[in-house]
1. Would you point out which residue out of B:100, B:79, B:91 is at pLDDT below 90 and within 12 Å of ligand 1 (Cβ to nearest atom)?
2. Do we have residue A:242 as of a type in the set (Asp, Glu), within 14 Å of chain B (Cβ to nearest Cβ), surrounded by 19 or more Cβ atoms within 10 Å (Cβ to Cβ) and in contact with a Phe, Trp or Tyr (Cβ under 8 Å, 6 or more places away or on another chain) here?
3. Looking at region B:98-136, which of its residues are among the small types (Gly, Ala, Ser) and within 19 Å of residue B:202 (Cβ to Cβ)?
4. Here are the criteria: (1) without any contact (Cβ under 8 Å) to a residue 24 or more places away in the chain; (2) open to solvent by less than 40 Å² (accessible area, probe 1.4 Å); (3) of a type outside the set (A, V, I, L, M). Tell me which single one residue B:123 does not satisfy.
5. Are any residues in region A:215-252 in contact (Cβ under 8 Å) with a residue 60 or more places away in the chain and of a type in the set (S, T, N, Q), and if so, which ones?
6. If I filter region B:113-128 for residues that are more than 14 Å from chain A (Cβ to nearest Cβ) and within 16 Å of ligand 1 (Cβ to nearest atom), do I get at least one hit?
7. Identify all residues within region A:149-164 that are β-branched (Val, Ile, Thr) and either closer than 18 Å to residue B:107 by Cβ or modelled with pLDDT of 95 or more (or both); write none if there are none.
8. Are any residues in region B:204-226 within 14 Å of ligand 1 (Cβ to nearest atom), surrounded by 22 or more Cβ atoms within 10 Å (Cβ to Cβ) and over 20 Å from residue B:164 (Cβ atoms), and if so, which ones?
Amino acid sequence: MTALARNSIGWLLPLTIILAWEALSRAGFIAANVLPAPSAVAAAFWKLLLSGELLRNIWVSSWRALAGFAIGGSIGFALGLANGLSRLSRDMTDTTLQMVRNIPHLALIPLVILWFGIGEEAKLFLVALGVFFPIYVNTLLGIQGVDPQLVEMGRIYGMKPARLFWRVILPGALPAIFTGLRYALGIMWLTLIVAETISASSGLGYMAMQAREFLMIDVVVLSILIYALLGKLADTFARLLERRTLAWHPAFQT
Amino acid sequence: MLDHTFPYPIPASPKVREIPRDVSGPPGFEIRGLVKRFDGKTVLQGVDLVVPRGQFLAIVGKSGCGKSTLLRLLAGLDQPTEGTIRHGDAQTADTRIMFQEPRLLPWARVVDNVTVGLTGIASGKPARERARRRLAEVRLEDRAGEWPSVLSGGQRQRVALARALVGEPRVLALDEPLGALDALTRIEMQGLLERVWRGQGFTAVLVTHDVAEAVVLADRIVVLDEGRIALDVDVPLPRPRRHGTPEVARLESRILSRLLGGDHAERHGQAPVVVRA
Ligand SMILES: Nc1ncnc2c1ncn2[C@@H]1O[C@H](COP(=O)(O)OP(=O)(O)OP(=O)(O)O)[C@@H](O)[C@H]1O
Ligand SMILES: [Mg+2]
């Protein structure tokens with residue numbers, strides 16, 4: 001099978017489902033106020049695209065997602081590195097972090113609304129918190145999992161700590177870090193959807209909530225589909241990055 | 001105490017080129033009264049060993065007798081509990097150790113794995129040039145740009161050898177480097193090891209479970225038993241030696257019988273074995 005055929009085979013099923021859905025809607029088996037036909041969703045998409053509302057909301061949501069990810073991810077990565085490399089740092093902070101980890105971050109929504117209102121900070125805070133743990137935990141695991149024989153080898157050949165880190169420890173931890181990254185991207189969208197649905201005055205979640213108020217079910221379905229698309233996009237990006245950086249890994253060699 | 005009788009009698013053979021070895025000069029390294037304990041458990045109990053520069057020494061012994069411990073001390077990876085290790089005029093940094101596992105960085109190309117051996121010595125283009133020359137020596141120059149994961153076990157071990165040699169160490173410590181290889185690859189690697197050793201004249205210390213390997217490769221074989229040197233014999237056979245020749249087989253069986261608790265009368269030598277313990 002060629003690469004193209006292998007790629008397109010994955011799209012066969014969704015395409016069939018959409019076609020069947022359209023047919024059933026037109027035949028009247030699916031009521032329009034339960035689930036609008038794909039053509040109705042497409043029409044809504046076109047209308048919102050022309051008015052500029054859609055792009056604005058996508059932009060706002062993406063910005064929140066990425067900014068929250070950058071904050072939470074970099075803190076998680078830094079702490080994961082620190083705790084993986086320094087015993088003192090781990091002894092001091094790991095217990096606390098593991099305790100905080102057991103609180104579902106979405107349970108903090110009421111508190112976060114009290115703190116920040118419905119401003120941007122609330123969303124950023126929640127996304128950052130949600131993204132923090134998968135990155136932290138996997139970075140830590142990755143560093144602790146680096147083959148000690150390789151580290152010893154590096155020392156034998158006289159590598160200084162900085163060189164040892166860049167040439168042995170970080171590359172060794174990278175596969176685990178990528179696992180954390182992809183997991184975190186999933187959490188990032190999930191958190192944002194929930195946060196925007198509950199308290200926001202812009203963004204995709206807000207758009208969906210507004211549409212629900214006015215019973216514009218086609219827009220609701222459209223928002224859901226766009227979330228799915230954005231999530232898939234983020235995952236594809238992470239996979240690409242992984243494939244490039246882990247080219248040495250037997251799993252990525254063809 | 002050890003009584004060194006150099007030079008040992010080497011049967012003349014026109015085909016064999018003996019590299020000039022400064023056996024009376026400063027030793028490659030000198031171990032005196034070496035004791036190593038791990039939380040109360042004595043692993044090495046007073047090892048004395050003087051190895052002339054350029055000698056190929058093999059250490060054999062039962063599992064757990066302290067061979068790896070001795071090698072790690074020699075390479076400066078651990079500190080002795082008692083006793084001293086003197087490295088001729090060289091530093092411990094001039095000692096390289098090669099393990100049973102190749103310990104290559106999976107994320108570095110073959111040539112970059114070899115340049116690891118030049119850490120702090122050379123970098124950039126000159127380092128890669130030197131690495132390539134070493135790779136040619138172990139006949140892997142055409143694999144320089146590949147990932148270690150696509151190499152066979154024997155090829156990986158050859159890369160590890162190139163890495164150990166690229167910094168031109170005075171002493172090369174080998175901890176069962178061929179232990180994980182199949183019999184044929186082993187013999188091939190033994191030939192390679194002997195060739196590079198003769199070409200460079202570093203002091204080689206080879207730990208092996210395979211007595212035949214020790215006899216084929218070494219100038220001298222030391223049997224370690226319960227943390228002590230139980231036997232110390234010279235191997236004055238002409239090189240290159242072949243597996244299965246009568247002289248090799250004879251010496252092999254002598255050492256094996258000693259390892260398996262054979263009689264101590266064996267310690268008083270018959271030609272061509274010079275026994276020194
Ligand atoms: N870091 C350590 N801490 C505690 N005990 C150790 C340590 N290193 C080695 N030992 C002990 O020292 C003894 C000798 O170990 P060593 O690895 O030197 O044996 P060896 O002769 O190399 O055996 P093998 O042929 O199986 O490799 C063993 O009983 C081992 O348990
Ligand atoms: Mg050992």
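1. B:100
2. yes
3. B:117, B:120, B:122, B:131, B:136
4. The single condition residue B:123 does not satisfy is (2).
5. Selection gives A:245 alone.
6. No, region B:113-128 contains no residue that is more than 14 Å from chain A (Cβ to nearest Cβ) and within 16 Å of ligand 1 (Cβ to nearest atom).
7. Selection gives A:151 alone.
8. Once the filter is applied, which keeps residues that are within 14 Å of ligand 1 (Cβ to nearest atom), surrounded by 22 or more Cβ atoms within 10 Å (Cβ to Cβ) and over 20 Å from residue B:164 (Cβ atoms), region B:204-226 yields B:222, B:223, B:224.
The values are calculated or read from the model by the stated rules, or taken from the named source; none is laboratory data. Please read all numbers here as calculations on a predicted model, not as lab measurements. Cβ atoms come from the backbone with ideal geometry, glycine included; neighbour counts cover every protein chain shown. Side chains are part of the model used for accessible areas, which takes the heavy atoms of the whole protein and leaves out ligands, DNA and RNA. Shrake-Rupley method; radii C 1.70, N 1.55, O 1.52, S 1.80 Å.
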